[in-house]
1. Give the number of residues within the range 88-116 that are within 23 Å of residue 68 (Cβ to Cβ) and either exposed (fewer than 12 other Cβ atoms within 10 Å of the Cβ) or more than 18 Å from the chain's Cα centre (by Cα) (or both).
2. Test residue 79 against the stated conditions and say whether it is more than 10 Å from residue 40 (Cα to Cα), assigned by TED's automatic domain parsing to the domain that holds residue 39 and under 14 Å from the mean Cα position of the chain (by Cα).
3. Could you pull out the residue among 54, 84, 69, 44 that is under 14 Å from residue 115 (Cβ atoms), in the same structural domain as residue 102 (by TED's automatic domain parsing) and either at pLDDT 95 or above or surrounded by 12 or more Cβ atoms within 10 Å (Cβ to Cβ) (or both)?
C-alpha cells in the first residue's frame, strides 16, 4: 500500500523538476534567434542581401515605409506575411542550414532579396 501512495508523489516531483528545467532553458532558447532588420521602401528591400548564422532561428523585422501593403514571402523559408503600410511586421523562421534563401514581395514580384546563412 505504501508503494501506491508514494508513486504519484514521485511522478509529481519528477514533473515539477522537468518543468523548472524547461523554464530555466527557455530564455536561453529565446536568445538564440538571430535578428534581421529590413526596410521596404519604393518597392524594394533595403538591404536586398542579409546574413544570418546557421543552425539558429531567424527573426525578420520588416518595416514597410511605403503607402501600400506588401507581402513578405519565401517558399524556401516557408513564410508569408502581409505588412501593412507604414508599419512593421515580425516574421519568425526556423533554424536554417547554410545556404541562400530568396524572399520577395508577393504584391510586387520585382522586389526581391536574399538571406545568406553561413
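1. Adding up the residues that qualify gives 8.
2. Details: more than 10 Å from residue 40 (Cα to Cα): yes; assigned by TED's automatic domain parsing to the domain that holds residue 39: yes; under 14 Å from the mean Cα position of the chain (by Cα): yes.
Yes, satisfied.
3. Values: 84 fails: under 14 Å from residue 115 (Cβ atoms); 69 fails: under 14 Å from residue 115 (Cβ atoms); 44 fails: under 14 Å from residue 115 (Cβ atoms).
Sole residue among the options that is under 14 Å from residue 115 (Cβ atoms), in the same structural domain as residue 102 (by TED's automatic domain parsing) and either at pLDDT 95 or above or surrounded by 12 or more Cβ atoms within 10 Å (Cβ to Cβ) (or both): 54.
The values are calculated or read from the model by the stated rules, or taken from the named source; none is laboratory data. Keep in mind that what you see is a predicted model, and the values were worked out from it rather than measured. Heads up, the Cβs are rebuilt from the backbone with ideal geometry, glycines too, and the neighbour counts pull from every protein chain shown.
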